[in-house]
Amino acid sequence: MRRFALVVTTLASSAAAQPLPWIEGGLPVAARISSVEVPEKDEPLYVRAGPLAARRGSAEMGARLPLYAAKRGPGCQGYWLMVGPMAWVCQDRVRLSSEPPVEARKKPLSMPEGLPYRYHFVGRNGALGYRTLSVAEEVAPDAELEPGFSVAVLSVAKRGGDPFAFTTKNLWIPLRDLGPARALPLQGAELEGGRLNVAWVFEDHAAVYEKPGGTRLKSEVRPQWERLEVLDTVVKKGRRWFRIGDGRWVEEGDVRSPTAAPMPGEAAPGERWIDVDIGNQVVTAYEGERPVFATLVSTGKGKGKSILATPVGTHRIWVKLLSSDMDNLENEEASRYYAIQDVPWVMFFEKGYGLHGTFWHRSFGRVRSHGCVNLTPLDAQRLFNWTGPTLPAGWTAALPTPYDRGTLIRVR
């Protein structure tokens, strides 16, 4: 293999001092090259140098990724370039840059309201999209969007005094034909000391009683989405009651609360895993046997083997994506069509079923979805940062490796 002129001795010596399982044969790079720039959206990355290798993830358009190694391989006229842990891209598909690479993340991803974009819904009269703003509404449209469809907006610009939204699909849409989405700011609870002592009001309000099954305190109600501290739990006539203060109880018909779950047999000691409790519509994140986080969700409205049911059993996250389009436009039997662009914080664990952020409804605590586990955007962002595989800076998707496995998801 022909090597570049210079070897970066600092990185090479570091690798030699502490061998990394993804480094293959040194770090040859030209003196003027500091990074690998990605010109296309969602550029594929592979676990080995070759187009037939398994996918490792994808890179963000415009990202400058670090260069760790280069080698010859099939399917690439230039070099195959290692740009991350077990991540290779063909030199023909990228640009070598003298600019520094994107810095590794030192903090979890954090976006206002948990939303990576500004989302809008198409109004009742539909909307037309144009590739070029300067001729928008003067030429035939490049796309037609149905009422209720959702678009992800990158920016807004005016043409002739009228504002147009520029979407992630490179379309300009009249802003007058769109309505902004407003995500529910509900957030889950960090479980101090591993205590499952939390509940949320998911009905319009929660009545308060002096004791389980006792007299209702008509002067006191708890509003929807309030998070309650649970001081005690009792079961009376098959229903759970939660004490939230002296002489103040609420019952499970109005609130949701997590229940303890045993570790899956597949989990290693101390391993992170997620429990999806369909009966309670609550997700709880565990580290080994200790619960660390819980929140309300909406799971599939189907039952049994229905395609609208959340698949029960133990799974592992097989891919994580910053965002993914979701629709049912190819389902000829659908009673109603939907299309949502760039659904945020997607963690697929069984084919097309996964956990993800949801901004188009407020039915958390109830079954609602087409099979996925719906979380508020803030909660989805929290779990996306916590679960494996890790998503390196500059990537839009990551698949697991033997060194960075997908997090266990147990649905019951």
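Taken together, the values in this text are just the output of simple stated rules run on the coordinates, not laboratory data. What you see is a predicted model, and the numbers here were worked out from it, not measured in a lab. With ideal geometry, Cβ positions are generated from the backbone for all residues, glycine too; neighbour counts draw on all protein chains shown.
Mind telling me which of LEU321, LEU231, LEU171 comes out most flexible in a GNM of the chain, alpha-carbon contacts under 10 Å?
Its mean-square fluctuation being the largest, the pick is LEU231.
With θ set to phi - 60° and the Karplus curve 6.51 cos²θ - 1.76 cosθ + 1.60, what are the ³J(HN,Hα) couplings of region 238-243 in order, to the nearest whole Hz, using x for Gly and Pro?
Each residue's phi maps through the Karplus curve to give x, 10, 7, 10, 10, 8 Hz.
Just rank SER219, SER324, fewest to most, by other beta-carbon atoms within 10 angstrom.
Ascending Cβ contact count within 10 Å gives the list SER219, SER324.
Which net charge results when you count Lys and Arg as +1 and Asp and Glu as -1 among the other residues whose beta-carbon is under 9 Å from that of PRO258?
-1
Could you tell me how far the Cα centroid of region 303-356 sits from the Cα centroid of region 209-225, in Å?
38 Å
Can you give me the distance in nm between label points at LYS351 and GLU103, each placed 7 Å from the Cα along the Cα-to-Cβ direction?
Modelled inter-label distance: 4.4 nm.
With 10 angstrom as the radius, rank THR259, THR284 by how many other C-beta atoms surround their C-beta, starting from the fewest.
Ordered from fewest to most neighbouring Cβ atoms within 10 Å, THR259, THR284 come out as THR259, THR284.
Most exposed first by the Cβ proxy, i.e. fewest other Cβ within 10 Å, how do TYR337, TYR79 rank?
By the 10 Å Cβ count, ascending: TYR337, TYR79.
For LEU217, list long-range residues whose amide hydrogen, built 1.01 Å from N in the peptide plane, is under 5 Å from its own amide hydrogen.
VAL208, TYR209, GLU210
Out of region 69-174, which GluC sites (Glu not before Pro) are coil in DSSP terms and have no more than 15 other C-beta atoms within 10 Å?
GLU103, GLU137, GLU138
Name the cysteines of the chain that stand alone by the Cβ rule: no other cysteine Cβ under 4.7 angstrom.
Singleton cysteines: CYS372.
Modelled label-to-label distance, ARG336 and GLU144, 7 Å Cα→beta-carbon offset: nm?
2.2 nm
How high is the FRET efficiency between ARG159 and GLN91 when r is their beta carbon distance and R₀ equals 30 Å, given to the nearest 0.05?
0.15
With springs connecting C-alpha atoms under 10 Å apart, model the chain as a Gaussian network and identify which of GLY300, GLY50, GLY247 has the largest mean-square fluctuation.
Taking springs between Cα atoms under 10 Å, the residue moving most is GLY247.
With N set to the residue count of the chain, report its C-alpha Rg divided by 2.2 N^0.38 Å to two decimal places.
Ratio of Rg to 2.2 N^0.38 Å for the chain: 1.14.
Using the Karplus curve 6.51 cos²θ - 1.76 cosθ + 1.60 with θ = phi - 60°, what ³J(HN,Hα) values do you get for each residue of region 207-218, in whole Hz, with x for Gly and Pro?
Once rounded to whole Hz, the list reads 6, 10, 10, 6, 7, x, x, x, 6, 6, 8, 5.
Using Cα springs under 10 Å in a Gaussian network model of the chain, which residue among ARG316, ARG195, ARG368 shows the largest mean-square fluctuation?
Between ARG316, ARG195, ARG368, it is ARG195 that shows the largest mean-square fluctuation.
Do you know the relative contact order of the chain, to the nearest whole percent, from alpha carbon pairs under 8 angstrom that are 6+ apart?
14 percent
Which length gain, in nm to one decimal place, applies between ARG131 and GLU229 when the Cα-Cα distance is subtracted from 0.36 nm times their residue separation?
30.1 nm
Which links in LYS107/LYS301; LYS106/LYS320; LYS107/LYS320 stretch past 26 Å when you go from one Cα to the other?
With Cα atoms farther than 26 Å apart: LYS107/LYS301.
Using alpha carbon centroids, what distance separates region 127-181 and region 236-291, in Å?
44 Å
Could you list, bin by bin from short to long, the percent of Cα-Cα pairs of region 272-411 in 10 Å steps?
In order of increasing distance, the bins hold 12, 45, 34, 8, 0 percent.
Along region 392-401, what does the Karplus equation 6.51 cos²θ - 1.76 cosθ + 1.60 (θ = phi - 60°) give for ³J(HN,Hα), rounded to whole Hz, x for Gly and Pro?
For region 392-401, the Karplus-derived couplings read x, 4, x, 9, 10, 8, 9, 10, x, 10 Hz, x marking Gly and Pro.
Multiplying the sequence separation of ARG216 and ASP404 by 0.36 nm and subtracting their Cα-Cα distance, what value in nm do you get?
Stretched fully, the ARG216-ASP404 segment lengthens by 62.5 nm.
Can you list residues from other chains, or at least 5 along the same chain, whose modelled amide H is less than 5 Å from the amide H of ARG316?
For ARG316, whose amide H was placed from the backbone, the distant partners under 5 Å are ILE409.
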